[in-house]
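This report refers to the structure that appears directly beneath it.
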Amino acid sequence: MADGSIWRGVIHAYRPFLQIAPIDPVTLYEGNTPLLPAPRLAQAIGFHGSLYLKYEGLNPTGSFKDRGMTAAITQAVAEGAQAVICASTGNTAASAAAYAARAGLQALVLIPAGKIALGKLAAAMAYGATVLAVEGNFDEALALVRRAVEVYPIALVNSLNPYRLEGQQTAAFEICDQLRRAPDWLCIPVGNAGNITAYWKGFRAYHQAGRIDGLPHLLGVQAEGAAPLVLGHPVDHPETIATAIRIGRPARGPEALQAVRESGGRLLAVSDAEILEAWRMLAALEGLFVEPASAASIAGLRRALAQGLIPSSEGTIVAVLTGHGLKDPEIALRTLSPPITISAEWDAFRRALEPILENPLARSERLPFPS
Ligand code: F0G
């Protein structure tokens, strides 16, 4: 850190703001993620103020979940738990498995069979969790987990666990510390609705403590095929390419709706095509490789600007990029052109190279961005 002190994770950094047992934290030194200016992306989506990206994919297990998991696992240890359990679209599973490993606890994770990105499954397995693939969706897996914790002595570490929100609100604190104010708008993908609830809690706490003058408006973004909060009713068969937010019955739905309302914000649904285009723009214009769910925040912002819901002429906007692109390598391989294969000979190489060098437009032509 700039002042020479060493970063030791979000509990250490923000302990006075967090209701959590006063023991040594179980931590991987999560948090302290970059808040990156994104001028090229801002220009491409028609925003003339300041756009920043909170790059949560740089947390230790590659997603924002680590902020909540350090708190939930620390509290579980303080309460004497031996085992933890969660249902997950993947990132919570990987994070729970990592922090449980660090604390010497057993981790059980339930995932929707065949519907989680490869990097998340690989990580949960590598960290030594017991992974159960449920023939159903996230909502059904969560229902099983909720029942299990009523019967067995296992600690629930989904975002229904209040300590998860305690930890996750630190992202809001960091944004305010980094900007030295609150943004005008915060754009964030919404799945089970824990994160948007945690951000609002964090902004309010900072406001009450006099650390910021105003509060941001929240723009919560769901995928069209999994948009229960936008539609106003549960979705029985949620579908989206953004598997992280493929959720039809968000556990924190009512609180998320209240947060958006209190903030004077909006909820929007975006199509998979819009998500994919935003995902490519983040990578090609700003060098940020994220997983599809993260790009929903940009797809939503772009739509909100186009519809005049957010003023495009000025202001400070932060979009949260929730997870790293390496979580879901298959999406890149499935949707982008494969590399050109050439033989290891000079002539073959030259034949491939010359048209590329002669056509300086080739690169931008590959990217069908509107001007
Ligand atoms: N982005 C990513 C990358 C996620 O993994 C999630 C949620 C969200 C956004 C939405 O956050 O659920 O708090 O509204 N992933 C959960 C999981 C459901 O199991 O990993 P939310």
*Within the stretch 272-289, identify whether any single residue is closer than 25 Å to residue 86 by Cα and within 12 Å of the ligand (Cβ to nearest atom), and answer yes or no.*
no
*asked:* Take the conditions touching an Asp or Glu at 6+ places or on another chain (Cβ under 8 Å) and in contact (Cβ under 8 Å) with a residue 12 or more places away in the chain and apply them to residue 183. Does it pass?
replied: no
*asked:* Need the failing condition index for residue 128 against (1) within 13 Å of the ligand (Cβ to nearest atom); (2) surrounded by fewer than 17 Cβ atoms within 10 Å (Cβ to Cβ), just the number.
replied: (1)
*Specify which of the listed residues (71, 96, 123, 76) is buried (at least 24 other Cβ atoms within 10 Å of the Cβ), of a type outside the set (Asp, Glu), within 13 Å of the ligand (Cβ to nearest atom) and part of a helix (DSSP H, G or I).*
96
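Conditions (1) within 12 Å of the ligand (Cβ to nearest atom); (2) aliphatic (A, V, I, L, M), marked per residue:
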| site | (1), (2) |
| --- | --- |
| 174 | no, no |
| 180 | no, no |
| 212 | no, yes |
| 221 | yes, yes |
| 230 | no, yes |
| 250 | yes, no |
*Residue list for the stretch 276-303, filter: outside any helix (DSSP H, G or I), under 15 Å from residue 241 (Cα atoms) and of a type in the set (A, V, I, L, M)*: 290
*Tell me which residues, restricted to the stretch 186-201, are assigned to a helix (DSSP H, G or I) and either within 12 Å of the ligand (Cβ to nearest atom) or crowded, with 24+ Cβ neighbours inside 10 Å (or both).*
194, 195, 196, 197, 198, 199, 200
*Just checking, how many residues over the stretch 79-93 are more than 16 Å from the ligand (Cβ to nearest atom), in contact (Cβ under 8 Å) with a residue 40 or more places away in the chain and not acidic (Asp, Glu)?*
3
*How many of the residues in the stretch 290-338 are of a type in the set (Lys, Arg), modelled with pLDDT of 95 or more and more than 10 Å from the ligand (Cβ to nearest atom)?*
2
*asked:* One residue is enough: does the stretch 101-119 have a residue meeting the conditions within 29 Å of residue 216 (Cβ to Cβ), out of contact with any Asp or Glu (no Cβ under 8 Å at 6 or more places or on another chain) and either part of a strand (DSSP E or B) or not β-branched (Val, Ile, Thr) (or both)?
replied: no
*Residue by residue through the stretch 21-57, note down the ones that are in contact with a helix residue (DSSP H, G or I) (Cβ under 6 Å, 6 or more places away or on another chain), part of a loop (DSSP other than H, G, I, E, B) and surrounded by fewer than 20 Cβ atoms within 10 Å (Cβ to Cβ).*
21, 23, 46
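Conditions tested, residue by residue: (1) part of a strand (DSSP E or B); (2) farther than 15 Å from residue 186 by Cβ; (3) over 13 Å from the mean Cα position of the chain (by Cα).
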{"site": "305", "(1), (2), (3)": "no, no, yes"}
{"site": "309", "(1), (2), (3)": "no, no, yes"}
{"site": "314", "(1), (2), (3)": "no, yes, yes"}
{"site": "317", "(1), (2), (3)": "yes, no, yes"}
{"site": "320", "(1), (2), (3)": "yes, no, no"}
{"site": "330", "(1), (2), (3)": "no, yes, yes"}
{"site": "333", "(1), (2), (3)": "no, yes, yes"}
{"site": "338", "(1), (2), (3)": "no, yes, yes"}
{"site": "343", "(1), (2), (3)": "no, yes, yes"}
_Go through the stretch 126-164 and report how many residues are among the hydrophobic types (A, V, I, L, M, F, W, C), within 25 Å of residue 78 (Cβ to Cβ) and part of a helix (DSSP H, G or I)._
5
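The values are calculated or read from the model by the stated rules, or taken from the named source; none is laboratory data. As the structure is a computational prediction, the values presented were derived from the model and not from experiment. Note that we place each Cβ from the backbone using ideal geometry, even for glycine, and neighbour counts take in every protein chain shown.
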